[in-house]
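See structure below.
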Amino acid sequence: MSDAPGETIIGRRGLMLVLSSPSGAGKSTLARNLLRDDPHMSLSVSVTTRDRRGSEIDGKDYHFISQKQFDRMVEDNELLEWASVHGHSYGTPREPVEAALREGRDMLFDIDWQGALQMFERARADIVSVFVLPPTMEELRARLVRRAEDRPEVIEQRLAGSLKELEHYSEYDYQLINNDLDECFDDLRSILRAERLSSARRMISMNLFVDRLLEQGRAITKADKS
């Protein structure tokens, strides 16, 4: 909190912004745009046991570790969430996230509903969760086709998986329909602004600020009487 005249900064504990959606609904694009435009938001870097791809940077894209290291982190409760996908393990280290929150920095998580539910169990009070919905299933299929990243059979698998994702939309704090990307992004930023102003997140620093106001007021009143 600054003591400069006319300048007041109320500190707060950071938050964890969890974004989930069916594949192709747009959460990864929203996440990239938020990281590009918001200097107070950082992406949580996961650990994984799979091999590093040529374009990936250790510590930026993932922390690449052995299965033995990963198993030890699970056993020692060092992961907020974890899962095994296609024979490889992925997880979110707990300590870097908690350190960021203590410093008032926000962390972004682009994860599926299974990871989100694990995080809800471990850190629900710090989480703001947003589920991104497609406008129609036809549009979702069209977006997957336009990406031209997957074979037709893989697209069908992703569509089938999206039905399971959609069953969990109501477990999130907010739901956004991504019919127009710019409008959806504006809504996401509005949610983030409102949550950052939440009195519950700022209460400790707000209490200190109000205590200082009361102290100043008593001093002024005492001076006026004398």
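The values are calculated or read from the model by the stated rules, or taken from the named source; none is laboratory data. From a predicted model like this one, the values you see are computed outputs, not experimental measurements. Reconstructed Cβ throughout: ideal geometry from the backbone, glycine too, with neighbour counts over all protein chains shown.
Quick one: how many residues across the stretch 154-194 are among the small types (Gly, Ala, Ser), loosely packed, with under 15 Cβ neighbours inside 10 Å and either in contact (Cβ under 8 Å) with a residue 40 or more places away in the chain or farther than 24 Å from ARG13 by Cβ (or both)? Can you show your working first?
Our first condition is that a residue be among the small types (Gly, Ala, Ser); within the stretch 154-194, this holds for 160-162, 170, 190, 194.
Then keep just the ones that are loosely packed, with under 15 Cβ neighbours inside 10 Å; that gives 160-161, 170, 190, 194.
Cutting the leftovers down to either in contact (Cβ under 8 Å) with a residue 40 or more places away in the chain or farther than 24 Å from ARG13 by Cβ (or both) gives us 160-161, 170.
The total comes to 3.
Applying the selection to the stretch 94-111, what residues are more than 19 Å from HIS63 (Cα to Cα) and under 13 Å from the mean Cα position of the chain (by Cα)?
Matches in the stretch 94-111: LEU101, ARG105, ASP106.
Scanning for something assigned to a strand (DSSP E or B) and surrounded by 13 or more Cβ atoms within 10 Å (Cβ to Cβ), does the stretch 93-101 turn up at least one residue?
Here is the first cut: in the stretch 93-101, the ones assigned to a strand (DSSP E or B) are 93.
Keeping just the survivors that are surrounded by 13 or more Cβ atoms within 10 Å (Cβ to Cβ) gives 93.
Taking every residue of the stretch 93-101 in turn, at least one turns out to be assigned to a strand (DSSP E or B) and surrounded by 13 or more Cβ atoms within 10 Å (Cβ to Cβ).
Filter the stretch 28-42 down to residues that are under 13 Å from the mean Cα position of the chain (by Cα) and either exposed (fewer than 14 other Cβ atoms within 10 Å of the Cβ) or of a type in the set (Ser, Thr, Tyr) (or both), then give me how many there are.
Total meeting the criteria: 4.
Would you mention how many residues in the stretch 52-88 are farther than 22 Å from LEU19 by Cα, at pLDDT 90 or above and assigned to a loop (DSSP other than H, G, I, E, B)?
Looking only at that region, the number is 4.
Starting from the stretch 89-109, take each residue that is at pLDDT 95 or above and list its partners that are assigned to a helix (DSSP H, G or I) and surrounded by fewer than 16 Cβ atoms within 10 Å (Cβ to Cβ), counting only C-beta distances under 7 angstrom and pairs at least six apart or across chains.
So the pair list comes out as LEU108/LEU35.
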